[in-house]
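Quick notes on the structure that follows.
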Amino acid sequence: MTTFVVAIDGGAGSGKSTTAKGVAQRLHFFYLDTGAMYRAFTLKYLQYRDSEHISATIDIETVNILLTKTAIDLRQENFENHVYLNGNDVTVDIRTSRVSSFVSQVSAIPEVRRWMVQQQREIAVGKNVVCEGRDIGTIVFPDAQVKIFMTADLRVRAQRRQKELAEQHGESRFEDVLKNLQFRDNYDSTRTHSPLKKARDAIVLDTTHLTIEEEIAAVENIVRERLHHQ
Ligand code: DC
């Protein structure tokens, strides 16, 4: 069965998630949020650290064992996307500032990336997907039919993320949100394994001056055009 993959990459807060979700909904494609998967494993990592009273980074053998005990499930329930970690709904827990401040380091571990990429490809088997992340067009689905690389001005991205956080977890300081985005972009783009970067054949979409509706429409039009010429 030929399946259609829309790969959306970009920095933190660039509008990827909202756009990917909207496009998936309109086209009836599966929404594959790879950031949520890295966040779910980071939560597991932190829970283990807390339970063992470890304050440093966890050694690689233990990370490998943790991976064998990890099951991440992305489910679409009542038109909402839920993330399950070993059967528990962690949709809200993976968005805390604690997870956000550890996720880049955890997702830079090569063993974690290998595990995730394999899972992501398995999830997509037999489906039409809109997949978003940092390495989708370059590593996970290099043959994706559509590749989009989203960018936006840093301060605009921080404003959007702050608003999102306020809705979910209460107020957060603008400067803290901005620093976290800056830190993660830098960490994610400079890591050795599958860094955040634009695929050669990706279309760049700068969302600084676009509304959510315009972002979704822009990507949807590109996808429909390609589908039409399949
Ligand atoms: O999309 P997000 O902000 O929820 O992603 C959280 C972190 O996960 C991000 O800072 C880097 C990591 N990530 C990654 O390394 N590769 C991906 N494909 C997706 C996310």
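Per-structure values
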{"item": "Sole residue being acidic (Asp, Glu), more than 15 Å from LYS16 (Cα to Cα) and not in a strand (DSSP E or B), chosen from GLU164, GLU171, GLU215", "result": "GLU171"}
{"item": "Qualifying helices (runs of 4 or more DSSP H) (wholly inside region 11-69; at least 3 residues being surrounded by 20 or more Cβ atoms within 10 Å (Cβ to Cβ) and among the aliphatic types (A, V, I, L, M))", "result": "16-27, 34-51"}
{"item": "Residues (more than 20 Å from GLN25 (Cβ to Cβ), among the β-branched types (Val, Ile, Thr) and touching a residue at least 24 places away in the same chain (Cβ under 8 Å)) located in region 65-95", "result": "THR70, ILE72, VAL90, VAL92, ILE94"}
{"item": "Where a residue in region 137-159 is within 15 Å of SER189 (Cα to Cα) and its partner, wherever it lies, is part of a helix (DSSP H, G or I), with Cβ under 6 Å and at least six apart", "result": "MET150/LYS16"}
{"item": "Residue list for region 76-120, restricted to those being β-branched (Val, Ile, Thr) and either within 9 Å of the ligand (Cβ to nearest atom) or surrounded by 14 or more Cβ atoms within 10 Å (Cβ to Cβ) (or both)", "result": "VAL83, VAL90, THR91, ILE94, THR96, VAL99, VAL103, VAL106, ILE109, VAL112, VAL117"}
{"item": "Condition check for ASP188: within 16 Å of the ligand (Cβ to nearest atom) and not in a strand (DSSP E or B)", "result": "yes"}
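Residues checked against (1) of a type outside the set (Asp, Glu); (2) touching a helix residue (DSSP H, G or I) at 6+ places or on another chain (Cβ under 7 Å); (3) under 17 Å from LEU196 (Cα atoms):
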position	(1), (2), (3)
ILE65	yes, no, no
ASN78	yes, no, no
ASN86	yes, no, no
ILE94	yes, yes, no
VAL99	yes, yes, no
ARG134	yes, yes, yes
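Coordinate-derived values only; no laboratory data. All figures in this text were calculated on a predicted structure; none of them were measured in a lab. Don't worry about glycine lacking a Cβ; one is built from the backbone with ideal geometry, like all the others, and counts go over all protein chains shown.
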